[in-house]
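The values are calculated or read from the model by the stated rules, or taken from the named source; none is laboratory data. Everything quoted here is computed from the prediction, not taken from an experiment. Cβ sites come from the backbone with ideal geometry, for glycine too, and all protein chains shown count toward neighbours.
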Amino acid sequence: MNVPRGNAESLMQEHYHPETLEPAVQQYWQDNKSFSVNEDSDREKYYCLAMFPYPSGKLHMGHVRNYTITDVISRFQRMQGKNVLQPMGWDAFGLPAENAAIKHHTAPAAWTYSNIDYMKGQLQSLGFGYDWSRELATCSADYYRWEQWFFTRLYRKGLVYRKTSAVNWCPKDQTVLANEQVVDGCCWRCDSPVERKEIPQWFIRITAYAEELLAALDKLDNWPDQVRTMQRNWIGKSRGVDMHFPLRQPIAGLDGLDVYTTRPDTLLGVTYLTLAAEHPVSLALAENNPALADFIASCRQQAVSEASVATLEKRGMDTGIVAAHPITGEPVPVWVGNYVLMDYGSGAVMAVPAHDQRDWEFARKYGLAIRQVIAPTSGQTCDLEREAFVDKGVLVHSGDFDGLDFEGAFDAIAGRLADSGRGRVTTNFRLRDWGVSRQRYWGAPIPMLYRPDGTEIPVPDHKLPVLLPEDVSIDGVHSPIKADPLWRRDVLDGEAVERETDTFDTFMESSWYYARFTCADYTGGMLDSARANYWLPVDQYVGGIEHAILHLLYARFFHKLMRDEGLVASDEPFTRLLCQGMVLKDGAKMSKSKGNTVDPQGLIDQYGADTVRLFTMFAAPPEQSLEWSDEGVAGANRFLRKLWRAVFAHLGRGEPGAARFVDLPENLRNLRRKTHETLAKVSHDFSQRQTFNTAIAAVMELLNDLSRLDDSSALGLAVEREALETATLLLAPIVPHISHRLWREMGHEEAIIDAPWPVVDQGALVRDTIEMVVQVNGKVRARIQVASNAERQTVEASALEEQNVLRFTEGLTVRKVIVVPNKLVNVVAS
RNA sequence: GCCCGGGUGGCGAAAUUGGUAGACGCAAGGGACUUAAAAUCCCUCGGUUGGUAACAACCGUACCGGUUCGACCCCGGUCCCGGGCACCA
């Protein structure tokens with residue numbers, strides 16, 4: 001057996017052994033600090049970031065996919081010559097740590113730190129090229145102290161306020177429940193029916209930035225349209241009318257009810273108003289109306305999430321009072337409904353049953369009037385006995401306004417309301433202010449103090465950070481810092497004060513970690529602006545589609561807040577966004593309860609990291625959901641062995657000749673063309689399309705072509721060497737360990753991570769002839785070979801003389817011949 | 001309920017700007033090598049029909065309809081699956 005010579009010192013092993021190869025390559029990266037980077041104004045920077053993980057215990061396939069995509073892009077950009085930053089850290093606060101603490105009788109902090117240790121080892125074994133010197137965990141006071149500091153700045157700017165807002169309340173456990181802890185309207189632990197409870201909470205005024213957050217979406221060209229659309233709808237800017245329905249006498253200090261509508265054209269069709277159960281007027285009327293009080297109490301037996309409110313059976317009760325219609329002055333009955341939310345708008349809505357399906361159903365249920373005021377423009381009639389007519393149309397039964405269309409009616413009715421002082425045109429946003437208070441322990445303490453009289457004071461800088469004690473025990477009901485009377489106590493300027501015991505929403509931490517990575521060791525402030533501005537914005541952000549709205553909107557908002565504080569110079573945090581799909585098994589999301597989980601660790605142990613990375617990138621394009629297949633993983637491993645064998649066999653055939661590729665014989669010319677076609681396709685797929693599956697398929701095709709070549713001449717080996725080196729370079733971002741070794745075996749001193757991306761030889765792509773398809777009336781009837789520079793007439797003529805074309809045009813007249821250059825000819829005949 | 005996606009062979013998928021539907025891989029079947037197995041290599045592989053065969057025809061991208069010389073792709077409607085809905089992260 002011919003044993004091939006690799007580099008000067010050692011012989012290439014015949015077989016691929018990832019279990020020894022991968023740790024050795026990882027050791028090389030570590031010894032050479034290959035992924036540790038600094039600001040370098042002479043080089044183009046590239047900041048590539050994956051959404052950091054919650055340290056839940058061990059990596060799941062979703063993580064593996066997310067971090068492989070990000071690592072592939074990072075390594076590709078590095079080969080493009082960029083100064084690439086790829087950091088990693090831990091989204092370490094959150095609810096699961098408290099649940100685990102109860103279950104395992106450990107402190108959330110200890111559980112979290114031990115998970116971080118284990119998961120960090122897993123990330124390293126997958127060969128991801130992180131700059132670990134920038135690692136951060138959000139539960140560390142070095143991190144959250146700046147978040148607390150920033151919050152006090154926002155408070156001073158008037159961007160933070162406190163108001164009461166509803167939470168899910170378990171009456172038995174006397175505790176607040178997260179939405180996911182409410183199962184079918186009941187507490188997940190004790191099964192008691194959940195109630196709404198209004199408690200004071202802290203809010204950040206994201207609505208003050210609604211207009212900018214919306215407008216800037218148009219400039220995020222490298223975000224998926226899907227995500228931009230979702231954010232646009234979430235912000236929900238609308239043009240409508242705020243109007244006032246006067247009451248006969250004031251109730252709860254209110255002389256009327258304020259209502260917003262986007263359909264003032266239907267105003268004359270209003271037949272009742274509906275108030276939220278917590279509306280001040282509802283509460284005031286309930287004081288001497290026991291039936292109404294009972295109804296309002298029953299409305300509290302309801303979880304707070306919008307999905308649960310939207311799907312519940314709509315119920316209502318007549319309050320017995322009326323308000324005056326702002327245009328006609330006619331009395332309009334006032335109802336209380338369980339589906340109107342006080343947290344949302346004014347807590348009162350007008351109902352037009354003829355032209356809103358939900359109002360129609362409510363009116364039918366309670367026998368309320370349905371008055372048609374819009375007719376279809378087409379002149380057709382509509383059957384309001386069957387359903388509401390919700391389209392825009394022309395006004396009827398609306399007095400002076402009859403005959404107007406939507407636009408005309410909007411302006412006329414809004415004008416009439418404005419003239420009488422009963423309404424005005426306004427812009428409304430669906431977006432609500434960001435509630436950041438959580439009644440939980442494992443989060444960053446909200447840095448606020450209260451005087452005995454209840455007035456609030458932000459914690460002054462010299463008392464920051466407000467530390468969260470880590471050595472605690474958890475009972476699942478009460479937060480240790482709420483249960484500890486000593487922790488609450490503080491003294492400010494000689495005055496006894498009490499600390500806020502709520503903690504921040506964990507979206508606070510994940511809203512700025514990407515910026516902190518640029519200067520994670522900085523102790524002089526939240527951000528070292530010089531470093532932050534070198535790296536920011538993030539050039540490529542990669543994460544799950546489930547974060548399309550909340551996390552990404554809060555992070556965009558935070559970036560603008562940091563900009564306005566002078567910390568960063570850019571307007572947006574993430575230039576390009578890639579949202580990967582989920583990892584499925586047997587068509588369903590992997591979950592412990594379904595028993596369809598696949599542990600990445602077992603596969604890494606069995607096949608090596610490169611195989612897992614290759615399969616993950618090959619099985620589907622990143623945005624699509626990925627169906628896991630153990631057989632597919634075995635196939636990916638087979639391909640790597642085939643690649644290894646190809647290089648081994650090639651080296652065994654002797655030294656290639658000089659790379660002078662002129663006047664090549666046809667078989668070598670074909671392989672060279674394939675090499676450069678593959679290079680062109682993979683370059684495009686990596687940089688533009690981000691479809692790594694098709695890039696891998698292209699390299700597989702190249703290797704298939706290569707294996708069919710049998711030419712051991714010096715020139716043949718040179719063409720083969722070029723093909724193998726190209727394949728190795730193209731695969732290097734995806735399977736970095738095997739590529740590192742093969743590159744060395746093919747005689748390169750420089751490590752492949754520092755090799756430049758190859759360049760397409762345009763001359764190698766030239767073809768003499770091309771195949772074109774010939775259709776008759778859109779159906780493929782023949783294929784023809786034509787010179788690649790053939791004139792249109794020549795192509796047309798040779799298409800028309802094909803036997804099968806003649807067969808299908810016989811007896812017909814050719815009406816038209818369509819020629820799509822280099823692709824097809826369509827003969828239209830009848 | 002509302003907003004956003006998706007649906008293509010037995011399976012994962014490809015078709016990049018409206019121009020050859022099924023590249024690449026998995027599974028399966030057949031063959032070669034082997035004492036045997038593994039590994040590897042070669043061949044077949046959407047369905048139906050005709051043909052010894054080369055091949056040809058028809059059908060086929062969830063369903064119904066439309067636009068177009070031409071539709072997986074664009075438009076209208078329906079069904080199913082998934083993500084999000086502000087306290088899971």
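Observations on the model:
- Some residue of region A:130-149 being within 30 Å of A:Tyr607 (Cα to Cα) and either crowded, with 20+ Cβ neighbours inside 10 Å or of a type in the set (A, V, I, L, M, F, W, C) (or both): yes
- Residue list for region A:52-105, filter: among the small types (Gly, Ala, Ser), farther than 30 Å from A:Ala695 by Cβ and assigned to a helix (DSSP H, G or I): A:Ala97, A:Ala100, A:Ala101
- Qualifying residue in region A:493-515 (condition: surrounded by fewer than 16 Cβ atoms within 10 Å (Cβ to Cβ) and hydrophobic (A, V, I, L, M, F, W, C)): yes
- In region A:387-409, the residues that are assigned to a helix (DSSP H, G or I) and exposed (fewer than 14 other Cβ atoms within 10 Å of the Cβ): A:Gly399, A:Asp400, A:Glu407
- Taking region A:364-386 as the range and being free of Cβ contacts under 8 Å to residues at least 12 places away in the same chain and assigned to a helix (DSSP H, G or I) as the test, only A:Arg364 passes.
Matching residues to (1) basic (Lys, Arg); (2) surrounded by fewer than 18 Cβ atoms within 10 Å (Cβ to Cβ); (3) free of Cβ contacts under 8 Å to residues at least 40 places away in the same chain:
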{"residue": "A:Arg239", "(1), (2), (3)": "yes, yes, no"}
{"residue": "A:Asp242", "(1), (2), (3)": "no, no, no"}
{"residue": "A:Gln249", "(1), (2), (3)": "no, yes, yes"}
{"residue": "A:Gly253", "(1), (2), (3)": "no, yes, yes"}
{"residue": "A:Arg263", "(1), (2), (3)": "yes, no, no"}
{"residue": "A:Leu273", "(1), (2), (3)": "no, no, no"}
{"residue": "A:Ser282", "(1), (2), (3)": "no, no, no"}
{"residue": "A:Phe295", "(1), (2), (3)": "no, no, no"}
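- Where A:Ala50 falls short, out of the listed (1) more than 14 Å from RNA strand B (Cβ to nearest atom); (2) in contact (Cβ under 8 Å) with a residue 60 or more places away in the chain; (3) closer than 28 Å to A:Met562 by Cα: (1)
- Residues that are surrounded by fewer than 23 Cβ atoms within 10 Å (Cβ to Cβ) and touching a strand residue (DSSP E or B) at 6+ places or on another chain (Cβ under 6 Å), drawn from region A:70-100: A:Lys82, A:Asn83
- Scanning region A:419-434 for residues that are under 22 Å from the mean Cα position of the chain (by Cα) and not in a strand (DSSP E or B) turns up A:Arg430, A:Leu431, A:Arg432, A:Asp433.
- A:Trp335 in contact with a strand residue (DSSP E or B) (Cβ under 8 Å, 6 or more places away or on another chain) and within 16 Å of RNA strand B (Cβ to nearest atom): no
- All positions within region A:169-184 that are loosely packed, with under 15 Cβ neighbours inside 10 Å and either in contact (Cβ under 8 Å) with a residue 40 or more places away in the chain or among the acidic types (Asp, Glu) (or both): A:Gln174, A:Ala178, A:Asn179, A:Glu180, A:Asp184
- Residue within region A:733-756 that is surrounded by 16 or more Cβ atoms within 10 Å (Cβ to Cβ), closer than 30 Å to A:Lys823 by Cβ and over 33 Å from the mean Cα position of the chain (by Cα) present: no
- Hits in region A:92-137 - residues which are in contact (Cβ under 8 Å) with a residue 40 or more places away in the chain, over 19 Å from A:Asp505 (Cα atoms) and of a type in the set (D, E, K, R): A:Asp131, A:Arg134, A:Glu135
- Across region A:682-694, the qualifying residues are those that are more than 9 Å from RNA strand B (Cβ to nearest atom) and assigned to a helix (DSSP H, G or I), and the one among them that is surrounded by the most Cβ atoms within 10 Å (Cβ to Cβ) is A:Val682.
- From the options A:Leu577, A:Leu567, residue that is out of contact with any strand residue (DSSP E or B) (no Cβ under 9 Å at 6 or more places or on another chain) and either more than 30 Å from A:Tyr534 (Cβ to Cβ) or surrounded by 15 or more Cβ atoms within 10 Å (Cβ to Cβ) (or both): A:Leu567
- Counted residues, region A:804-830 - those being more than 9 Å from RNA strand B (Cβ to nearest atom) and part of a helix (DSSP H, G or I): 3
- Residue match in region A:708-726 (condition: at pLDDT 95 or above, within 30 Å of A:Gln124 (Cα to Cα) and of a type outside the set (D, E, K, R)): yes
- Any helices (runs of 4 or more DSSP H) falling wholly within region A:215-301 and containing at least 1 residues that are away from RNA strand B (no atom under 15 Å from the Cβ): A:280-286, A:290-299
- Among (1) within 30 Å of A:Thr106 (Cβ to Cβ); (2) away from RNA strand B (no atom under 16 Å from the Cβ); (3) buried (at least 16 other Cβ atoms within 10 Å of the Cβ); (4) at pLDDT 95 or above - the single one A:Cys519 does not satisfy: (1)
- Every listed requirement among (1) under 30 Å from A:Thr575 (Cα atoms); (2) of a type in the set (Phe, Trp, Tyr); (3) surrounded by fewer than 20 Cβ atoms within 10 Å (Cβ to Cβ) is met by A:Trp223 save one, (3).
- Considering residues of region A:650-667 that are assigned to a loop (DSSP other than H, G, I, E, B) and aliphatic (A, V, I, L, M) only, the residue surrounded by the most Cβ atoms within 10 Å (Cβ to Cβ): A:Leu664
- Selection within region A:546-563 - within 13 Å of RNA strand B (Cβ to nearest atom) and in contact (Cβ under 8 Å) with a residue 60 or more places away in the chain: A:His547, A:Ala548, A:Ile549, A:His551, A:Leu552, A:Leu553, A:Tyr554, A:Phe557
- Subset of region A:291-317 (residues that are more than 32 Å from the chain's Cα centre (by Cα) and either of a type in the set (Gly, Ala, Ser) or under 28 Å from A:Arg424 (Cα atoms) (or both)): A:Ala291, A:Ala293, A:Ala297, A:Ser298, A:Gly316
- Residue-level check: of (1) more than 30 Å from A:Pro23 (Cα to Cα); (2) touching a residue at least 24 places away in the same chain (Cβ under 8 Å), A:Thr769 misses just (2).
- Scanning region A:597-630 for residues that are near RNA strand B (Cβ under 9 Å from one of its atoms), modelled with pLDDT of 90 or more and among the acidic types (Asp, Glu) yields one hit, A:Glu623.
- Count - residues of region A:435-454 that are more than 7 Å from RNA strand B (Cβ to nearest atom), in a strand (DSSP E or B) and in contact (Cβ under 8 Å) with a residue 60 or more places away in the chain: 2
- Screening A:Leu395, A:Leu404, A:Leu368, A:Leu384 for residues that are in contact with a helix residue (DSSP H, G or I) (Cβ under 9 Å, 6 or more places away or on another chain) and closer than 27 Å to A:Ala252 by Cα leaves exactly one candidate, A:Leu368.
- Single match in A:Asp173, A:Asp191 (criterion: on the phi > 0 side of the Ramachandran plot and outside any strand (DSSP E or B)): A:Asp191
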